[in-house]
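These notes are about the structure you will find just below.
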Amino acid sequence: MQGSTRRVGIMTDVHRRFLQLLMTHGVLEEWDVKRLQKHCYKVHDCNATVEKLEDFINNINSVLESLYIEIKKGVTEDDGRPIYALVNLATTSVSKMASDFAENELDLFRKALELIIDSETGFASSTNILNLVDQLKGKKMRKKEAEQVLQKFVQHKWLVEKEGEFTLHCRAILEMEQYIRETHPDAVKVCDLCHGLLIQGQSCETCGIKMHLPCVAKYFQSNSEPRCPHCNDYWPHEIPEVFDPEKEREAGISKSNKKPLRSRQH
Amino acid sequence: MPRAPKRRRYMLEEGLQSQSETQGPVGALLPVAVEEDTSSSSTCSSSFPSSFPSSSSSSCYPLLSSTPEEVDDVAGAPSPPQSPQSACPSPTAMASPPLSQSEDDSSSSRGEEGPSTSQALPYTASFPRNVIDGKVAELVEFLLVKYRTKEPTTKAEMLNTVLRDHQDHFPVIFSEASERMNLIFGVDVKEVDPSDHAYVLVTTLGLTYDGMLSDEQSMPNTGLLVMLLGVILLQGDCAPEEDVWEALSVMGVRAGREHFIYGEPRELITKVWVQEQYVEYRQVPNSDPARYEFLWGPRAHAETSKMSLLEFLASAIGSDPRSFPVSYEEALRDQEERVQARIASTDNATDTASASCSTVPSSSSCPE
């Protein structure tokens with residue numbers, strides 16, 4: 001009833017369904033990914049043992065390699081939640097957004113992106129973004145319109161808004177890291193610990209190195225005297241907690257936080 | 001890695017060749033002897049260029065193209081085997097050793113690419129395999145977007161965007177891309193309008209409902225969905241609400257009563273599944289007081305079929321679809337219609353394939 005199971009290499013309907021659904025959701029947190037995986041097994045192959053997620057994903061990625069696509073794992077910059085998205089490795093542009101946005105809207109995104117990357121905090125104010133409206137390529141856009149476009153970016157999970165300021169959604173960081181690094185090689189910031197792209201993070205006030213909040217959390221875990229890994233100066237910032245999925249679920253915090261990530265794209 | 005100094009190469013469109021050292025005429029597939037002086041990059045290199053040559057810039061793809069010079073290495077890479085079907089031992093092929101633990105499917109399908117390829121093109125062109133792979137990947141990306149946005153596409157659109165510089169090779173690239181879509185993603189590239197070469201992307205996996213949007217803690221209630229679709233089917237494709245609740249009550253599912261698996265069902269079947277487009281819930285015309293009825297929604301029609309559902313229902317009760325004669329007739333009719341539609345589109349696809357390859361393209365590959 002649910003389609004005949006065809007096995008080609010390692011790809012079975014379990015894997016195909018997983019890919020389809022992951023694609024539909026855009027980006028998913030690890031807890032949801034595990035649920036999704038179990039669901040796919042249940043539908044097609046309920047007697048099989050559910051493979052360990054890491055192996056499951058690695059197997060699929062080996063098949064996707066020839067298409068320059070992969071299931072990429074990342075971590076949210078603010079609270080260290082593991083997330084997953086299907087990412088195109090070869091595309092070095094904002095083409096993933098191209099199907100949903102007009103030329104001037106995409107240019108607005110690029111302008112916002114630039115402001116975000118250049119900013120100290122990783123946030124760009126709405127005002128500053130809207131002031132660039134005259135410089136956009138394509139059809140002329142008014143500020144009022146641009147405000148709505150920014151909201152559209154938020155809905156589609158490319159930007160996140162916090163008190164009138166915008167930063168990149170974790171999905172955008174995951175999907176566009178390569179593009180961002182290539183188009184802003186000088187301005188881009190990098191985490192001193194994991195060497196990944198850094199938009200939000202903490203910086204050492206002495207030597208200026210930056211680190212992701214979850215990287216800081218892990219590095220300084222149960223360290224009463226946190227010191228900069230580079231210059232050894234006292235680390236002046238509050239050390240965040242390491243993300244604990246078990247604790248999250250019990251507290252039920254996940255319910256309200258997860259909603260934004262789990263809306264269907266189309 | 002030995003270099004082939006002088007090789008008879010079938011020149012491809014200028015767009016492809018212009019960036020390599022070799023010169024040649026534009027467009028038509030004509031044999032020309034060329035000096036092969038490109039450096040010996042690896043054959044059928046499995047590593048993709050660091051910045052992908054997404055040079056087919058259109059309004060859709062991509063907005064800031066990467067360095068197109070990368071195409072040099074790719075285009076000029078010698079592929080010693082003359083025929084395109086010889087499987088380069090590259091991991092890019094789906095039939096790579098670590099993957100094909102199962103015997104035949106991937107490798108044979110890959111092998112089958114060869115003969116059909118040479119049938120599609122008048123000459124056995126030995127074009128760089130990795131360029132084709134690259135275009136296949138681009139086309140797959142394009143089709144995946146169409147799948148996600150639930151938009152149809154046409155051959156013309158594909159040729160104007162992703163395959164602008166590779167019009168001659170559309171049949172090969174398209175067939176490989178379609179196959180990958182099917183085998184890797186379980187998505188069918190279905191021709192719906194042969195005259196227009198219009199295609200839709202549909203899942204082959206049946207109901208894709210995964211329950212991720214509703215209550216986080218419960219397992220997805222696909223089973224109940226199937227039952228509901230079944231009830232509607234058995235009622236002649238349109239089921240009055242009262243009948244639906246009566247049928248569901250047999251499973252212990254009642255409106256207003258929280259079920260330990262399904263939760264509160266009224267919200268689920270009249271709102272959630274309507275939103276998911278699996279069912280339609282509408283007022284019975286001219287009913288006063290208002291009564292409602294359920295029908296299959298577009299997504300149910302797209303993802304499954306009457307026959308599939310009937311077979312499932314029948315097997316669930318240890319019976320046979322023919323135990324439901326009226327519905328069985330209807331399911332047969334529906335099946336026949338689908339088959340006819342498919343035959344019609346396949347015929348046209350074959351005609352089209354042979355027609356398109358004998359066409360010599362005009363110089364359509366002017367630089368941007």
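The values are calculated or read from the model by the stated rules, or taken from the named source; none is laboratory data. From a predicted model like this one, the values you see are computed outputs, not experimental measurements. Glycine gets a Cβ as well: all are built from the backbone with ideal geometry, and neighbour counts include every protein chain shown. Just the protein is used for accessible areas: all its heavy atoms, side chains included, with ligands, DNA and RNA removed. Shrake-Rupley method; radii C 1.70, N 1.55, O 1.52, S 1.80 Å.
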Inset, instruction - Check segment B:112-133 and report whether any residue there is at pLDDT 85 or above, facing chain A (nearest Cβ under 8 Å) and under 22 Å from the mean Cα position of the chain (by Cα). - result: yes
Inset, instruction - For segment A:83-123, name all the residues that are open to solvent by less than 10 Å² (accessible area, probe 1.4 Å), farther than 18 Å from A:E145 by Cβ and more than 14 Å from chain B (Cβ to nearest Cβ). - result: A:I83, A:I116, A:I117, A:G122
Legend entry - Residues of segment B:177-204 that turn out to be surrounded by fewer than 22 Cβ atoms within 10 Å (Cβ to Cβ), away from chain A (no Cβ under 14 Å) and among the hydroxyl-bearing types (S, T, Y), as a count: 1
Inset, instruction - State all residues of segment B:312-340 that are surrounded by 12 or more Cβ atoms within 10 Å (Cβ to Cβ), outside any helix (DSSP H, G or I) and of a type outside the set (D, E); if no residue qualifies, say none. - result: B:F324
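Of the residues that sit in segment A:51-82 and are of a type outside the set (K, R) and closer than 19 Å to A:E246 by Cβ, which one is most open to solvent (accessible area, probe 1.4 Å)? Break it down stepwise before answering.
Step one: list which residues in segment A:51-82 are of a type outside the set (K, R), which gives A:51, A:53-71, A:74-80, A:82.
With the extra rule that they be closer than 19 Å to A:E246 by Cβ, the set shrinks to A:53-54, A:75-76, A:79-80, A:82.
Values: A:L53: 16, A:E54: 112, A:V75: 75, A:T76: 10, A:D79: 57, A:G80: 13, A:P82: 22 Å².
Looking at residues that are of a type outside the set (K, R) and closer than 19 Å to A:E246 by Cβ, I get A:E54.
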Inset, instruction - Would you check if there is a residue in segment A:236-247 being at pLDDT below 90, closer than 30 Å to A:E70 by Cα and within 14 Å of chain B (Cβ to nearest Cβ)? - result: yes
Inset, instruction - Take segment A:181-220 and flag every residue that is closer than 13 Å to A:S119 by Cα and of a type in the set (V, I, T). - result: A:V188, A:I199
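Has segment A:211-225 got any residue that is in contact with a helix residue (DSSP H, G or I) (Cβ under 8 Å, 6 or more places away or on another chain), assigned to a loop (DSSP other than H, G, I, E, B) and either surrounded by fewer than 20 Cβ atoms within 10 Å (Cβ to Cβ) or not basic (K, R) (or both)? Working first, answer last.
Within segment A:211-225, the subset in contact with a helix residue (DSSP H, G or I) (Cβ under 8 Å, 6 or more places away or on another chain) is A:211.
Now restrict to residues that are assigned to a loop (DSSP other than H, G, I, E, B): none.
No; the residues of segment A:211-225 include none that is in contact with a helix residue (DSSP H, G or I) (Cβ under 8 Å, 6 or more places away or on another chain), assigned to a loop (DSSP other than H, G, I, E, B) and either surrounded by fewer than 20 Cβ atoms within 10 Å (Cβ to Cβ) or not basic (K, R) (or both).
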Inset, instruction - Filter segment A:40-50 down to residues that are open to solvent by 60 Å² or more (accessible area, probe 1.4 Å) and either facing chain B (nearest Cβ under 9 Å) or among the polar types (S, T, N, Q) (or both), then give me how many there are. - result: 3
Inset, instruction - From (1) in contact (Cβ under 8 Å) with a residue 24 or more places away in the chain; (2) more than 29 Å from A:K218 (Cα to Cα), pick out the condition that doesn't hold for A:G80. - result: (2)
Legend entry - Subset of segment A:180-204 [at pLDDT below 90 and crowded, with 22+ Cβ neighbours inside 10 Å]: none
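From A:K140, A:K157, grab the single residue that is in a loop (DSSP other than H, G, I, E, B) and surrounded by 15 or more Cβ atoms within 10 Å (Cβ to Cβ).
Values: A:K140 fails: surrounded by 15 or more Cβ atoms within 10 Å (Cβ to Cβ).
After ruling out the rest, the residue left standing is A:K157.
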Legend entry - In segment A:24-39, residue farthest from A:E246 (Cα to Cα) [restricted to those that are under 22 Å from the mean Cα position of the chain (by Cα), open to solvent by less than 10 Å² (accessible area, probe 1.4 Å) and at the interface with chain B (Cβ under 7 Å from one of its Cβ atoms)]: A:H25
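Can you tell me which residue is farthest from A:L86 (Cα to Cα) among those in segment B:164-195 that are outside any helix (DSSP H, G or I) and charged (D, E, K, R)? Walk me through how you get there before you give the answer.
Step one: filter segment B:164-195 for residues outside any helix (DSSP H, G or I), giving B:164-166, B:186-195.
Keeping just the survivors that are charged (D, E, K, R) gives B:164-165, B:188, B:190-191, B:193.
Details: B:R164: 26, B:D165: 27, B:D188: 19, B:K190: 23, B:E191: 26, B:D193: 31 Å.
Among those residues, the one meeting the criterion is B:D193.
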Inset, instruction - Could you tell me whether any residue of segment A:162-174 is over 21 Å from A:N88 (Cβ atoms), under 16 Å from the mean Cα position of the chain (by Cα), open to solvent by less than 30 Å² (accessible area, probe 1.4 Å) and away from chain B (no Cβ under 14 Å)? - result: yes
Legend entry - Extreme residue, farthest from the other protein chains (Cβ to nearest Cβ), among residues of segment B:134-159 that are open to solvent by less than 30 Å² (accessible area, probe 1.4 Å) and among the polar types (S, T, N, Q): B:T153
Inset, instruction - Inspect all residues belonging to segment B:257-271 and state whether any of them is within 14 Å of chain A (Cβ to nearest Cβ), in contact with an Asp or Glu (Cβ under 8 Å, 6 or more places away or on another chain) and either modelled with pLDDT of 85 or more or farther than 30 Å from B:L139 by Cα (or both). - result: no
